[in-house]
Amino acid sequence: MKIGLEVHVQLPTRSKMFCSCPTEGDAEPNTRICPVCMGFPGSKPSLNGEALKLGLKLAKMLECSIPDTTWFSRKIYFYPDLAKNFQITQQETPVGLGGVYMLGDKPIRITRIHLEEDPGKIKRTSDGSSLIDYNRSGIPLAEIVTEPDISSPAEARKFLASLLADIRHTIDLEPDSERSVRCDCNISVGKERCEVKNVTGLKNVERALTFEVVRQTKILRAGGKIERETRHFDEERKVTTSARKKEFEADYGYINEPDLGTYHIARMASEIENKETPMEMAVRFENDYGMTAKAARQIISTDIRLAGFFEDLAAATDTETAKCLVSGVVSSNWKGFEPTKGSLDDIISMVRRFKEGKITDVECNMRVRCIMTGDEDTCRICSEDLDKIVGRALDENPSVIADYAANEKAANRIIGAVMKETGGTYSSAEIVSAVRRLITERL
Amino acid sequence: MDRETVIRVARSAHLELTEEEIELYRRDLEEILDYFRVLDDAPSSDDLLVNPVEVTDVLRSDEPHMEIPADTLLEDVNTYERYVRGPRVQ
Amino acid sequence: MIDLSKLPAINERYRMFSEITSEASADAEFAFSAKDNLTAVGFRARAGSAILEGYEPVFDAACVEKMRSAGGFLVGKTNMDEFGFGSFSVNSAYGVPRNPYDAERSCGGSSGGAACAAAVMDGHVALGVSTGGSIACPASFCGVYGMAPTYGRVSKHGLIDYGNSMDKVGILSGDAKDLGRYLPVISGEDRRDPTSCNHPPLAKKFRKLKSVALVRSETSAGVDAAIRAAEEELRSMSVDVEAVSMDTLRYALPAYYVLASAEGSTNIARYCGLRYGRQDGDLSMKFDDYFTSMRSQYLGEETKRRVILGTFTRMSGFRDKYYAKALGVRNAIISEYKKIFERFDAVLTPTMPFISPRFDEISGMSALESYRADVLSVPPNLSGLPHVSMPCGYSEGMPVGMMLTADHWNDDMLLSAAEDWQDRFTAIPPEVSL
Ligand SMILES: [Zn+2]
């Protein structure tokens with residue numbers, strides 16, 4: 001079985017690809033339109049530099065070769081949502097060619113990545129005519145085309161999930177934008193392939209492909225022949241159906257787009273510094289920290305910030321301690337934890353105390369859990385000893401309580417004394433909260 | 001240039017031709033394409049493939065901006081509840 | 001105050017305008033017109049096409065905007081071949097402009113209305129557009145000066161496209177000085193049209209033309225005689241004139257018609273009875289059928305011809321033979337021009353091989369015969385080179401034009417040459433009777 005995907009991703013620019021209309025805002029139909037994205041006679045396109053830059057970032061992420069010069073093409077087809085009845089896209093010189101994406105250990109070859117404009121949206125009405133909203137017309141898209149290297153519907157889904165995580169990370173795409181990802185899926189069980197067009201979302205891609213596997217297998221088992229065709233995926237019935245034979249031949253009759261000129265993209269690409277992709281980071285974790293591939297992916301896919309914290313902790317303590325802590329107590333409490341610089345530093349100093357032998361591993365784990373969850377039971381157990389020390393200090397300086405009522409700064413005397421006495425066993429946040437709590441109790 | 005090609009090309013360009021038009025354009029295109037044959041042995045080069053002068057690296061900054069209000073643009077458009085009315089798609 | 005009182009009557013006879021303003025000029029400094037494929041707020045922009053009936057653009061073309069802010073008063077929109085497809089202005093849905101020297105003859109095209117207005121109206125500046133000779137040809141037939149600048153010199157924002165890699169906005173006028181006066185006004189970078197950006201600006205002080213390469217061509221006897229006389233006159237103005245041959249020029253016409261119709265057919269795709277212009281079809285039809293019926297009904301005969309031709313030349317299986325080949329041939333022609341410009345300031349040819357034909361002659365021409373009329377005006381247009389057509393004599397009472405072509409961005413040399421020529425040449429204005 002061979003599966004190849006054409007993945008369309010909307011690029012997160014603020015203005016459209018060839019005009020300055022905003023990409024986000026008013027949801028009312030036809031509010032974000034201008035003569036360019038409506039295809040009015042006399043209007044001319046001009047390219048958004050950010051769209052080109054994001055395309056180049058993705059091309060680099062996919063390890064594509066980037067041609068010296070690129071230009072756009074007109075792809076001509078007639079449809080009511082296509083304002084000019086041609087789409088400005090890239091035919092001869094896409095921003096990236098011949099890349100590769102590592103899905104774990106398996107390379108998925110990338111044929112090309114090119115940029116193009118999104119058409120508008122179309123709605124059918126009961127009387128048979130249509131209603132068109134051009135707000136989407138001209139939103140920049142990157143289309144990533146893979147070779148048929150994917151070998152199952154499940155793998156296709158895994159590939160998409162992983163690819164999207166990397167894309168999001170590389171170009172700062174909003175995490176909830178799965179719906180805006182559309183796929184054309186090519187699949188062949190036997191020799192002939194079918195294309196399922198315009199499938200939205202990861203789940204639907206897997207469903208559409210699974211349906212095709214079953215359908216094509218049945219036909220082949222019965223001694224039939226697969227017909228090469230374009231099919232549609234019906235999201236509600238979860239089946240693919242044959243697209244009616246085109247009455248009009250699809251001959252796009254590409255020409256070079258003469259309104260925009262050419263772009264020296266190899267030079268532009270050399271000036272772009274991509275962030276390390278999650279995939280690259282996983283490989284580095286294996287090499288630098290001797291992690292298993294699985295453990296590395298586990299940490300990174302949980303949260304890129306967790307991976308970053310691991311590196312900080314490893315630098316502050318040592319690799320083995322960091323691995324142990326992060327894969328244990330830190331990972332298990334990560335969900336629901338809102339990491340801040342302060343809380344992460346507290347965890348690091350706690351682990352340091354453990355390393356120095358000042359607290360036991362059980363105590364260390366408990367205190368880390370307390371910092372991360374703020375769970376009362378945990379925190380109370382942790383702070384029992386601290387409460388005793390603070391109580392003793394208050395007993396020795398009873399005047400503080402009256403002073404505190406007048407000015408809260410009076411607590412600083414006790415905080416300073418306790419810090420000195422405990423020498424870093426407790427985080428400053430813990431001490432501050434314990435002192436305040438106990439003073440308030442005695443007021 | 002035969003009748004069928006004229007019809008096929010016209011169809012892809014969304015033009016429906018009368019019998020007279022088919023014959024007219026068939027004859028004209030045959031004559032014109034015959035004349036275009038001189039291009040077969042013309043010299044050629046790949047210097048500029050888009051414009052006759054160099055137009056390079058002209059980019060716009062990513063600043064949203066609407067010069068003409070959308071409502072003004074829709075004034076002469078056949079609309080229904082702000083949607084542009086179009087023909088049947090299914 | 002610009003007196004427009006006689007204009008409707010003149011237009012009744014000559015049909016140079018497809019729309020005339022109903023407003024008074026107030027305190028305008030000068031009057032100008034815009035070809036109907038240039039948008040102007042307050043006017044329709046129909047580009048000679050019935051499918052654009054009802055299109056009232058909400059933005060000014062850059063050139064119109066600049067002329068207005070320089071104090072110009074827009075008199076009206078000039079008639080033209082539908083979308084620029086033609087050499088005689090007979091392909092308009094809004095009447096056929098008539099030659100002011102002989103109303104039974106053509107004004108040339110496609111900026112025929114613009115040339116007619118420039119010939120008939122004193123002190124009038126006409127904005128025209130040239131893709132393959134649409135300024136030079138009508139300027140020549142109507143006995144006026146017509147300048148098409150270097151491709152990209154003038155913003156195309158607001159120009160209804162024909163062949164985008166060749167379209168240029170230019171100027172026609174009875175007075176050569178107007179070319180030098182108003183080209184600087186409309187020139188310059190405009191971020192709304194990327195092809196106008198990153199180019200050398202127009203020289204403020206126009207350089208003198210010192211040498212021309214004369215390319216001889218097959219022309220009518222009358223045109224030949226006028227050119228030979230002009231040659232002598234140029235020599236007497238101490239311009240070096242030397243005959244040269246250019247081998248690649250014979251490929252220009254087919255390469256042009258391939259590229260122009262390929263690009264043109266994609267531009268015409270958008271006209272389908274939706275969004276603007278004609279929107280009066282039956283929307284319960286399937287979209288393919290709806291588009292087909294609207295286009296078949298409202299596009300004119302020559303437009304359909306070029307759409308079919310252009311669609312064919314970019315179809316898979318033929319694209320390399322025609323479209324891709326023509327792009328390469330254009331480069332070869334530009335290279336040959338560049339070699340000539342190493343030795344000469346400009347190339348000189350007649351603008352048209354003959355004087356303006358009569359309408360009965362035009363209706364007898366095959367499509368290819370009328371395309372061939374552009375044989376001399378097409379090469380600089382294909383190559384994006386600035387060129388100016390100037391009246392240089394008369395044959396059978398009709399004007400003859402000569403054309404100077406300069407290197408990219410040397411527009412200024414042509415502007416000074418036109419002014420110098422006007423000082424030497426006595427033009428015979430048409431007798432316009434009411
Ligand atoms: Zn827009």
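The values are calculated or read from the model by the stated rules, or taken from the named source; none is laboratory data. A quick note: this is a predicted structure, and the numbers were derived from the prediction, not measured. We place every Cβ from the backbone using ideal geometry, glycine too, and count neighbours over all the protein chains shown. Heavy atoms of the whole protein, side chains included, go into the accessibility calculation; ligands, DNA and RNA do not. Shrake-Rupley method; radii C 1.70, N 1.55, O 1.52, S 1.80 Å.
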Have a look at C:135, C:227, C:171 and tell me which one the Gaussian network model of chain C (Cα, springs below 10 Å) gives the largest fluctuation.
C:227
Using amide H atoms built in the peptide plane, which far-off residues or other-chain residues are under 5 Å from residue C:241 H to H?
C:212
To the nearest Å, what is the center-to-center distance of the range C:57-99 and the range A:309-353, using C-alpha atoms only?
72 Å
Sorted by chain and then number, the residues having a modelled amide H within less than 5 Å of the amide H of residue C:19, at least 5 places away or on another chain, are C:77
Interatomic Cα distance distribution for chain C, bins of 10 angstrom, percent:
5, 24, 35, 26, 9, 2, 0, 0
To the nearest 0.05, what FRET efficiency results for residue A:441 and residue A:152 with a Förster distance of 51 Å applied to their C-beta separation?
0.25
Provide the per-residue ³J(HN,Hα) series for the range A:121-137, in order, calculated from phi with Karplus coefficients 6.51, -1.76, 1.60 and θ = phi - 60°, each as a whole number of Hz, with x at glycine and proline positions.
10, 10, 10, 8, 10, 5, 7, x, 7, 10, 10, 10, 10, 9, 4, 7, 4
Need one number: nm distance between label points at residue C:247 and residue C:217, each 7 Å from Cα along Cα→Cβ, rounded to one decimal.
2.0 nm
Straight-line reach from residue C:208: which lysines have a Cα under 17 Å away, not including same-chain ones fewer than 8 places off?
C:177
The Kirkwood hydrodynamic radius of chain A, taken as the inverse of the mean 1/r over all distinct Cα pairs, in Å, comes to 26.2 Å
Evaluate E = 1/(1 + (r/R0)^6) for residue C:29 and residue C:233, where r is the Cβ-Cβ distance and R0 equals 35 Å; express this FRET efficiency to the nearest 0.05.
0.55
When only the heavy atoms of the protein chains count and the probe is 1.4 Å, how do A:75, A:53 rank by accessible area, highest first?
A:53, A:75
Select from A:55, A:342, A:308 the residue whose mean-square fluctuation is largest in a Gaussian network model of chain A (Cα-Cα springs shorter than 10 Å).
A:342
Along the range B:53-66, what does the Karplus equation 6.51 cos²θ - 1.76 cosθ + 1.60 (θ = phi - 60°) give for ³J(HN,Hα), rounded to whole Hz, x for Gly and Pro?
10, 6, 10, 10, 6, 8, 10, 9, 7, 7, 10, x, 6, 10
Accessible-area ranking of C:218, C:361, A:6, C:29, largest first, probe 1.4 Å
C:218, C:29, C:361, A:6
Positive-end residue of C:303, C:347, C:283, charge dipole of the range C:245-357 with Cβ unit charges:
C:347
Residue by residue through the range C:317-326, the couplings from Karplus 6.51 cos²θ - 1.76 cosθ + 1.60 with θ = phi - 60°, in Hz, x for Gly and Pro, are x, 10, 4, 5, 5, 10, 4, 5, 4, 4
XL table A:121/A:158; A:203/A:341; A:197/A:238; A:60/A:238; A:158/A:294; Cα-Cα > 25 Å flagged, in table order, is A:121/A:158; A:203/A:341; A:60/A:238
How much of the DSSP beta bridge set in chain C is antiparallel, as a percent to the nearest 5?
65 percent
Accessible-area ranking of C:206, C:17, largest first, probe 1.4 Å
C:206, C:17
FRET efficiency (residue A:355, residue A:65; Cβ distance; R0 51 Å; to 0.05) is 0.60
222 nm mean residue ellipticity, helices alone, for the protein assembly as shown (DSSP H n ≥ 4; -39,500 (n - 2.57); rounded to 500):
-11500 deg cm²/dmol
Could you report the range C:71-140's accessible area per residue, 1.4 Å probe, as an integer in Å²?
15 Å²
As an exercise, take the mean of 1/r over every pair of distinct alpha carbons in the protein assembly as shown, invert it, and state the Kirkwood radius in angstroms.
32.1 Å
May I ask you to derive the relative contact order of the range C:53-160, considering only C-alpha pairs under 8 Å and at least 6 residues apart, and to give it as an integer percent?
24 percent
Which whole-angstrom value gives the distance between the alpha carbon centres of the range C:1-56 and the range B:25-90?
26 Å
For a label point 7 Å along the Cα-to-beta-carbon line of residue C:5, residues of the range C:413-434 with backbone N under 17 Å:
C:434
What is the set of long-range amide H partners of residue C:393 at a cut-off below 5 Å, with H atoms built 1.01 Å from backbone N?
C:400
Across 5 Å bins from 0, what is the distribution of all Cα-Cα pair distances for the range C:306-434, in whole percents?
2, 9, 14, 16, 16, 15, 13, 9, 4, 2, 1, 0
If the cut-off is a Cα-Cα distance under 24 Å, which lysines reach residue C:325, setting aside same-chain residues fewer than 8 apart in sequence?
A:75, C:168, C:304, C:338, C:339
Under 16 Å Cα to Cα from residue A:53, which lysines show up? Leave out anything in the same chain fewer than 8 places away.
A:16, A:275
Based on alpha-carbon centroids, what's the gap between the range C:172-202 and the range A:127-200 in Å, whole number please?
46 Å
Which whole-number percent is the relative contact order of chain C (Cα, under 8 Å, 6+ apart)?
20 percent
